[in-house]
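Take a look at the structure set out below.
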Amino acid sequence: MTLRKQFIAYLFEISQNVYTRYFKTQAPWKTSKEGLLMYPKGTFGNALGTFLNTHGYELIPKVERHDAYHVLTGYGTTVEDEIALQYLCYGNGKRSLYLYGVLVLGTLIMPDYYRYYLKSYRLGKSANAFHHYNYEHLLPVSLSDFRAVIFTEHYNIKTHPLTLN
């Protein structure tokens, strides 16, 4: 990982603790990674549990929806994917101090991914609004049905047009 990416990862780690402690007021979800994995295969909840398990993550109290965004959109967890995911959310209408910070710092520190960020923003603009849902209530929903409601038919999550590979 480049020094720039390490620096941004460090900023994510520090800011996440501050943000969840002082700025997030909603209650944490009443489930865990293990609870998510108990949902039937094909559900949003099971996919979220699998995502967490695959990456060695746990749900972060009060910001569980962030990992839900990863599962819904298919974005990875690299630094550039994290920034691009925030661009997608911004395009979709989400607004927060944290999001603005990621957009500004991410773009200034890693401008070489600007095209990826712009494509992500446009995808967010073209998608149906998803940033306002109560994701904890959507855990039993079919992931493929949920994605079909959010994204138009030209966006195929399996052949994600935004991946850099």
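The values are calculated or read from the model by the stated rules, or taken from the named source; none is laboratory data. As the structure is a prediction and not an experimental result, all values here were calculated from the model. Every residue, glycine among them, receives a Cβ derived from its backbone with ideal geometry; neighbour counts consider all protein chains shown. The area values use the complete protein model at the heavy-atom level, side chains included, leaving out ligands, DNA and RNA. Shrake-Rupley method; radii C 1.70, N 1.55, O 1.52, S 1.80 Å.
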Query - Neighbourhood charge, 12 Å Cβ-Cβ cut-off, centred on Lys5 and excluding it, Lys, Arg +1 and Asp, Glu -1 - result: -3
Query raised in the report: Once phi is turned into θ = phi - 60°, what whole-Hz ³J(HN,Hα) does the Karplus curve with 6.51, -1.76 and 1.60 give for every residue of the stretch 147-152, x standing for Gly and Pro?
Result: 4, 5, 6, 7, 9, 6
Query - Neighbour-limited loop hits for GluC sites (Glu not before Pro), the stretch 52-128 (at most 14 other Cβ within 10 Å; DSSP other than H, G, I, E, B) - result: Glu58
Requested in this report: Using only C-alpha positions, report the orientation-averaged shadow area of the convex hull of the stretch 34-126, nm², one decimal.
Outcome: 6.3
Query raised in the report: Counting only protein heavy atoms and using a 1.4 Å probe, what share of the accessible area of the chain belongs to carbon plus sulfur, as a whole percent?
Result: 59
Query raised in the report: Taking the C-alpha atoms of the chain, how large are the radius of gyration and the largest Cα-Cα span, Dmax, in Å?
Result: 15.3, 42
Query raised in the report: Tell me, what is the per residue accessible area of the stretch 29-141 in Å², probe radius 1.4 Å?
Result: 47
Query raised in the report: So if R0 is 22 Å, what FRET efficiency would Ile109 and His55 give, r being the distance between their Cβ atoms, rounded to the nearest 0.05?
Result: 0.45
**Report entry** Placed amide H near Thr43: partners under 5 Å, 5+ positions off or other chain
**Finding:** Leu143
